[in-house]
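The values are calculated or read from the model by the stated rules, or taken from the named source; none is laboratory data. Only a predicted model underlies this, so the values are computations on that prediction, with no experimental measurement involved. Cβ coordinates were reconstructed from backbone atoms using ideal geometry, including for glycine residues, and neighbour counts include every protein chain displayed. Side chains included, ligands, DNA and RNA excluded: accessible areas come from the protein's heavy atoms. Shrake-Rupley method; radii C 1.70, N 1.55, O 1.52, S 1.80 Å.
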Amino acid sequence: MPKKAMKPLVILVWSFFTAASVFGGVAGSTGTAMDVSVQNTVEKLIESKRYPRAGLGIAVKDLERDIMLAACNADSMYNPASVTKLLTATVAFEKLGPGYFFSTRIFVDTVLEQDSGIIVRNLYIQGGGDPGFTAERLWLFAEHLYHCGIRVISGDLVLDDFFFDSVTVGPGFDEDTTCKAYQSLINALAMNFNTVAVHCRPGPRVKLPVAVDLFPEIRGLKVASRATTVQSAGKNEPEIETSFDSGTTLVTIKGFMGLDGRGSYSFLKLWQTWEAFGNALVPLFAKRGITLKGCIVHGKVPRRIADRTPFYEFLSEPLAASVNRMFKYSSNFTAEMLFKTFSAQRDTVQGSWDRSIALVNSWWKERALPRVPVIKNGSGMGNTNRFSPAQIVALLSYVWKQKTWLPDYCAALSTAGFDGTLKSRFLKSKLKGMVRAKTGTLNMYGINTLAGYLLLPDAAPKAFAIFCNKTGHTQYEDWVMQEQLLEKIAETA
């Protein structure tokens, strides 16, 4: 080769290995090939934004050519926050199957047929971990039991949630002690995401109490409201919280609401599990004409009864609907219900976080994905899980090859500028509608993450993971950085 041609080649090789060194090792788990032009573009943007190297992790892969386009600390471990749900959904589709339905089974004993309907001694409801048992579906459940002929329960309503173990607070959830809906308890017979919707609206006149309604109606819930209607409260809203009080949930409302204020809902954690399910169901029974003469009790379906064919089986929405809810609304509740279901086997093994962690770790190794991430829960809550950007991109690459359920997976991801947790992002970007991704946010730890697919009309699909962990920048600045990185990649790749 002539000497004059050597210098550009040396510079190109030097640039590549410098980027590999500074940006966290391009080779290794991120792959051996790299698009240097994209890498340089990403490097310049990071420099211009003055982002700290340690706080930023990036991996971007061309799924058609199977090469890495850019990497920054791609093999370093970060808190992924709710990006963890990408793994939960993947294992759910593979282990449970896209056609999986959660089953809530009803058993009865001592059935007495009468012209007016069926009288049973005890009615047993056996939960199967259904994460989508909303208040509306609870109403439908009561309707179905009425249509099956149930009119009188002369004994007890027995609630069996032993599909899962008795641990209701997952790893990482004890780091945040608020009563927000994202902190809801986890059990196998849950209703309305184990939350209550508190609706407040102003009274008809100044100085009158704010009107409070609960949805669903839950027998025994306590309400302590000191909120007052005023002429104008500005932008202030009543303060609402829930707490555990003498065996039940106490809803406390205080503050003010303007006379011209609009009614609004606040979704808050219930501090009961099976009790809340039973106490929400019984009022629906009464309205429909089903009489419960006994009590609501917690217990297992006796073996002699469980071995029979169920009196009735109430099936959930398909698994894809649960994954959609988990992705679009970043539902921690749905994620942990799925996660514990992985290790649950009806009547033999109770689902638990420990057993599901072991199962997911084994699944990861069996798929020959890079190293093993630190997995403590299925939602990404708390300072517990650890993934590298390269691991998430490897996972997304694996998902891209699963043609039987890939459409459901991609449809469930939020679409930039249109829905889910990306509804208000990318609104003015050329990439609006072209990014399908999962967001992750943990404000108390300075975590803002984004991972998913970049789907351009006339280019190869790309998988990406952009992790911002304690960058020293605001959440909005991290969001802008993620958006601009993807825009630069779209322009260059």
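Would you be so kind as to identify which of Asn361, Asn324, Ser264 lies farthest towards the positive end of the dipole of the stretch 254-367, taking Lys and Arg as +1 and Asp and Glu as -1 on Cβ and the Cα centre as origin? Checked the options; the winner is Ser264. To the nearest ten degrees, helix 389-400 and the longest principal axis of the Cα atoms of the chain are 70 degrees apart. Principal-axis analysis of the Cα atoms of the chain puts helix 135-147 at an angle of about 40° to the longest axis.
If you place +1 on the Cβ of every Lys and Arg and -1 on the Cβ of every Asp and Glu, how big does the dipole about the Cα centre of the stretch 185-287 come out, in debye to the nearest 20?
Taking the Cα centre of the stretch 185-287 as origin, the dipole is about 280 debye.
Across the stretch 252-264, rounded Karplus estimates of 3J(HN,Hα) from the backbone phi angles (6.51 cos²θ - 1.76 cosθ + 1.60, θ = phi - 60°) give 10, 10, 8, x, 9, 9, x, 4, 9, x, 9, x, 8 Hz, Gly and Pro being marked x.
Which log10 I(q)/I(0) values does the stretch 115-267 give at q = 0.09, 0.15 Å⁻¹ under the Debye formula, counting every alpha carbon as one identical point scatterer? Scattering profile of the stretch 115-267, log10 relative to I(0): -0.41, -0.93. Computed with every protein chain present, the accessible area of Trp405 is close to 10 Å² [probe 1.4 Å]. Mean silhouette area of the stretch 24-151, derived from the convex hull of its C-alpha atoms and averaged over all directions, reads 13.3 nm².
Take every Cα pair under 8 Å whose residues are at least 6 apart in sequence, average their separation, divide by the length of the chain, and the relative contact order is 21 percent.
Note that the stretch 432-437 has calculated 3J(HN,Hα) couplings of 4, x, 10, 10, 10, 8 Hz, one per residue in order, obtained from phi through the Karplus relation 6.51 cos²θ - 1.76 cosθ + 1.60 (θ = phi - 60°); glycine and proline are x.
Residue separation of Arg371 and Ser397 scaled by 0.36 nm, minus their Cα-Cα distance, works out to 7.8 nm of gained length.
Rolling a 1.4 Å probe over the protein heavy atoms gives the stretch 368-493 an accessible area of 39 Å² per residue.
Normalising by the residue count of the stretch 238-303, find the relative contact order in percent from Cα pairs under 8 Å and 6+ residues apart.
25 percent
P(r) tail for the stretch 428-493: Cα pairs beyond 16 Å make up 44% of the total.
A cut-off of 5 Å between modelled amide H atoms, ignoring neighbours fewer than 5 places along the same chain, links Gly132 with no other residue.
Using Cβ point charges alone (K and R +1, D and E -1), the dipole size of the stretch 428-493 about the Cα centre works out to roughly 160 debye.
For the chain, taking Cα atoms only, Rg and Dmax work out to 26.2, 102 Å respectively. Remark: accessible surface ordering of Leu369, Leu214 (largest first) is Leu214, Leu369, probe radius 1.4 Å.
Quantify, in whole percent, the carbon and sulfur part of the accessible surface of the chain (1.4 Å probe; protein heavy atoms only).
Looking at the chain in its full context, I get 54 percent from C and S.
The simple spin-label model puts a point 7 Å past each Cα toward its Cβ; for Lys293 and Met444 those points are separated by 4.9 nm. Here r is the Cβ-Cβ distance between Thr309 and Trp139 and R0 is 30 Å; the resulting FRET efficiency, rounded to 0.05, is 0.70.
Positive-end ranking of Gln183, Asn122, Val42 along the dipole of the chain, with charges on Cβ about the Cα centre, is headed by Val42.
Arg53 sits with roughly 60 Å² accessible to a 1.4 Å probe, with DNA, RNA and ligands left out of the calculation. The angle between the Cα long axis of helix 36-49 and the longest principal axis of the Cα atoms of the chain comes to about 70 degrees, rounded to the nearest 10. Converting phi to 3J(HN,Hα) with the Karplus coefficients 6.51, -1.76 and 1.60 and the offset θ = phi - 60°, the stretch 476-493 yields 4, 5, 5, 5, 4, 4, 4, 5, 5, 4, 5, 5, 5, 5, 5, 6, 9, 6 Hz in sequence order, with x at every glycine or proline.
In the context of the full protein assembly, Met337 retains an accessible surface of approximately 0 Å², using a probe radius of 1.4 Å and ignoring ligands and nucleic acids.
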